[in-house]
1. Taking the condition touching a Lys or Arg at 6+ places or on another chain (Cβ under 6 Å), of a type in the set (A, V, I, L, M, F, W, C) and closer than 27 Å to Asn83 by Cα, does Val23 pass?
2. Would you mind stating whether Arg149 is assigned to a helix (DSSP H, G or I) and either surrounded by 12 or more Cβ atoms within 10 Å (Cβ to Cβ) or of a type in the set (Ser, Thr, Tyr) (or both)?
3. Of all residues being touching a residue at least 24 places away in the same chain (Cβ under 8 Å) and assigned to a helix (DSSP H, G or I) in region 165-192, which is most open to solvent (accessible area, probe 1.4 Å)? Just the residue, please.
4. Suppose we keep only residues that are at pLDDT below 90 and touching a Gly at 6+ places or on another chain (Cβ under 8 Å) within region 73-105. Which one would you say is most open to solvent (accessible area, probe 1.4 Å)?
5. Determine whether Val93 is touching a Cys at 6+ places or on another chain (Cβ under 9 Å) and of a type outside the set (Lys, Arg).
6. Here is a check on your reading of the model: is Val11 part of a loop (DSSP other than H, G, I, E, B), hydrophobic (A, V, I, L, M, F, W, C) and surrounded by 15 or more Cβ atoms within 10 Å (Cβ to Cβ)?
7. Could you check how many residues of region 29-58 are in contact with a Gly (Cβ under 9 Å, 6 or more places away or on another chain), surrounded by 15 or more Cβ atoms within 10 Å (Cβ to Cβ) and part of a helix (DSSP H, G or I)?
8. Report, by residue number, each residue of region 17-28 that is in a helix (DSSP H, G or I), over 10 Å from Leu7 (Cα atoms) and open to solvent by less than 60 Å² (accessible area, probe 1.4 Å).
Amino acid sequence: EDAKDLLKSGVDGFVHTVRDRDVDDEYIALVKAHPKVWTGPNIPSPGETEGEINSLAETLPASTIAEMRRQLEARKAGGNPPNPLFELHCRNVKRIHDAGMVIGLGTDGTGDGFGEHQQIAYYTRCGFTPAEAIQAATSVNAKILLLPRMGAVAAGKEADFIVLDANPLQDIANTQKINKVYLRGAEVNRAALRAKFKAGTK
């Protein structure tokens, strides 16, 4: 009800989406009636996979990784049931996406740099194409945040981009197969950063 009132009152956007219940037809009608309103969903994890945990081990403390592995084993032992909160968010994100709402990428990640990759993957599980998920995280977010020099690779922009070893349009998980990172046209020394991060996890 609060979200409906905000839409009617002319809100610019929502940091996250409705997350306590399924959105109804009235809400979707309001979304369609306000096509410039944006959101940045923060979809909760259905549970990290073994591959994700291994990737995070480079940057997160060993105690955090151990807890993630414990949770993964507990889910496996319980038959790996679906996370009802994930399923609720997924349904709502699909409905507002289908209704044409402007959707960027939102995350409450702690700065490990991995939360964005997870959110992109969750978006595809909730009905986005890989291209739409990538655009949500790049060009759409740049427009929402009024950052015209960011969000795309084009003349006159910042030249912030990553070089991948595989095509994310074929498998969104390929966004994690990073070969090189460039910020403002200069390559980032990832080996030095990795060594620094690993030193901090001991």
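The values are calculated or read from the model by the stated rules, or taken from the named source; none is laboratory data. Predicted model, so just to flag it, every value in this text is computed and none were measured. As a convention, Cβ positions derive from the backbone with ideal geometry for all residues, glycine included, and neighbour counts pool all protein chains shown. Each accessible area value is taken on the protein alone, full model and side chains, heavy atoms only, with ligands, DNA and RNA left out. Shrake-Rupley method; radii C 1.70, N 1.55, O 1.52, S 1.80 Å.
1. So Val23 passes the test.
2. No; evaluated as a whole, the condition is false for this residue.
3. The qualifying residue most open to solvent (accessible area, probe 1.4 Å) is Gln176.
4. Asn80
5. yes
6. No, not satisfied.
7. Final tally of qualifying residues: 1.
8. Result: Ile28, single match.
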